[in-house]
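A short worksheet on the structure shown next.
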Amino acid sequence: MRRVPGVTGIGQFGSVRLPGISDLDLLLFCSDDRFDEISWISNATIDELSDGRYLFWHPVAVIPASLISTSRIFHSFEDIRALWGDVRQLTDMSGPGLELRALNVIVWNSYFWRVMMYIGRGPQGLRKLLLLLSNITQSVVNDLRLIGETDFQCEWRWRDSARAAVLAAPSAERSGLIRRFFGEALERWYVADRKLDRWWQSQQPPSLSRASGVLEIGRRDRIVFGEWGESWHRFLCRALAYGGVLSWLELPSVYLEGLSLLQSAYAPRLGAPFSCCDAKRRELKLAGVWQDAARDYRGGVEQVRAFARSTHGGEWSLFGDPFCLPFIL
């Protein structure tokens with residue numbers, strides 16, 4: 001890829017904590033006018049590599065020059081480092097402020113909660129489940145780090161011990177063991193989400209009431225936002241752990257209230273109930289830093305959509321990784 005005209009830099013993010021299971025996360029910086037071609041070449045190059053699709057679980061993230069600074073709004077790019085090229089481009093990806101990070105956590109969490117609803121709907125390979133277990137742990141850590149908790153290394157230790165236990169178990173026992181750990185991981189996420197919800201509420205004016213609503217996806221999937229019983233949510237987590245299907249999910253109000261601030265940028269993909277909880281009135285009552293963050297995030301979404309329209313794909317064609325759609329709508 002270094003020899004491909006238009007590629008200006010190559011970076012890596014994430015970590016390979018468990019060789020053979022972990023995947024590689026690479027990103028390419030490129031000129032705007034070569035974006036389509038470089039995206040195609042990067043995918044073709046992976047296909048040509050021995051075990052390329054195993055090493056790269058998802059495509060290389062290709063970032064056009066005009067979206068380098070914007071992309072940092074949408075992705076944490078943990079442990080990002082330069083491999084080749086103009087390292088000054090990484091400076092343009094310096095981390096956003098607290099409020100933007102909060103909105104980003106809400107968007108990515110919503111994405112992975114929707115992924116969890118798919119898990120029981122067909123056979124899943126062991127490696128995929130172990131990677132998703134890591135995604136859940138990352139969501140837990142993101143929650144805790146955002147709200148200022150510093151003792152989140154225990155979450156990574158739990159993840160590492162769970163993966164080690166699964167891999168050390170006899171083949172016949174792995175399926176039941178990974179399902180059990182999935183249930184435990186979702187319960188840990190539930191606890192972290194409750195903390196996130198309380199922190200989010202502390203950032204809102206006392207005069208704002210909590211929002212509630214129901215997101216209907218297709219004919220059978222429902223996500224209910226608002227207060228829920230602890231025992232009910234734990235029942236859902238355990239149902240998934242024992243091979244059930246999550247067609248009904250209950251999430252705290254932070255998801256509805258946070259995403260309602262971004263609804264206009266994701267419209268029409270993000271409609272009811274996010275368009276029905278008086279987001280404009282809610283935003284006007286927020287502190288100025290939150291209003292700025294919501295405006296910047298919406299502007300970033302619109303910028304990505306505009307760039308996508310200028311390429312050969314549709315305006316949503318770039319939303320995947322690193323740009324994310326809430327609840328994969």
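The values are calculated or read from the model by the stated rules, or taken from the named source; none is laboratory data. All values reported here derive from a predicted model rather than from experimental measurement. In this analysis, Cβ positions are derived from the backbone assuming ideal geometry, glycine residues included, and neighbour counts consider all displayed protein chains.
Answer with yes or no whether Gly183 is closer than 30 Å to Gly20 by Cβ, surrounded by 15 or more Cβ atoms within 10 Å (Cβ to Cβ), in contact with a Cys (Cβ under 8 Å, 6 or more places away or on another chain) and not hydrophobic (A, V, I, L, M, F, W, C). When the stated conditions are applied, Gly183 passes them.
Scanning region 50-63 for residues that are out of contact with any Leu (no Cβ under 9 Å at 6 or more places or on another chain) and in contact (Cβ under 8 Å) with a residue 60 or more places away in the chain, which turns out surrounded by the fewest Cβ atoms within 10 Å (Cβ to Cβ)? Spell out how you get there, then give the answer.
Within region 50-63, the subset out of contact with any Leu (no Cβ under 9 Å at 6 or more places or on another chain) is 50-54, 58-59.
Those still in the list that are in contact (Cβ under 8 Å) with a residue 60 or more places away in the chain too: 58-59.
Working: His58: 12, Pro59: 14.
Checking each candidate, the answer is His58.
Out of all the residues in region 150-157, is one or more within 30 Å of Leu28 (Cβ to Cβ) and at pLDDT 90 or above? Yes - at least one qualifying residue is present in region 150-157. Which of the residues spanning region 281-295 are in a helix (DSSP H, G or I) and over 13 Å from Gln263 (Cα atoms)? Passing the criteria: Arg281, Leu284, Gly288, Val289, Trp290, Gln291, Asp292, Ala293.
In region 182-219, the residue that is farthest from Arg114 (Cα to Cα) out of those that are touching a strand residue (DSSP E or B) at 6+ places or on another chain (Cβ under 8 Å) and β-branched (Val, Ile, Thr) is Val214.
For every residue, the table says whether it meets (1) farther than 16 Å from Thr311 by Cα; (2) not hydrophobic (A, V, I, L, M, F, W, C).
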{"site": "Val7", "(1), (2)": "yes, no"}
{"site": "Gln12", "(1), (2)": "yes, yes"}
{"site": "Leu27", "(1), (2)": "yes, no"}
{"site": "Asp32", "(1), (2)": "no, yes"}
{"site": "Glu37", "(1), (2)": "no, yes"}
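Specify the residue that is modelled with the lowest pLDDT; the eligible residues are those in region 234-260 that are outside any helix (DSSP H, G or I) and closer than 13 Å to Ser110 by Cβ. So, considering only residues that are outside any helix (DSSP H, G or I) and closer than 13 Å to Ser110 by Cβ, the one modelled with the lowest pLDDT is Leu249.
Results for (1) crowded, with 16+ Cβ neighbours inside 10 Å; (2) among the aliphatic types (A, V, I, L, M), shown as yes or no for each residue.
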| site | (1), (2) |
| --- | --- |
| Leu261 | yes, yes |
| Tyr266 | yes, no |
| Ala287 | no, yes |
| Gly299 | no, no |
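Can you confirm whether Leu130 is under 30 Å from Leu284 (Cβ atoms) and within 17 Å of the chain's Cα centre (by Cα)? It is false that Leu130 is under 30 Å from Leu284 (Cβ atoms) and within 17 Å of the chain's Cα centre (by Cα). Whether any residue in region 136-146 is surrounded by 12 or more Cβ atoms within 10 Å (Cβ to Cβ) and of a type in the set (Ser, Thr, Tyr) is what I want to check. Yes: one or more hits.
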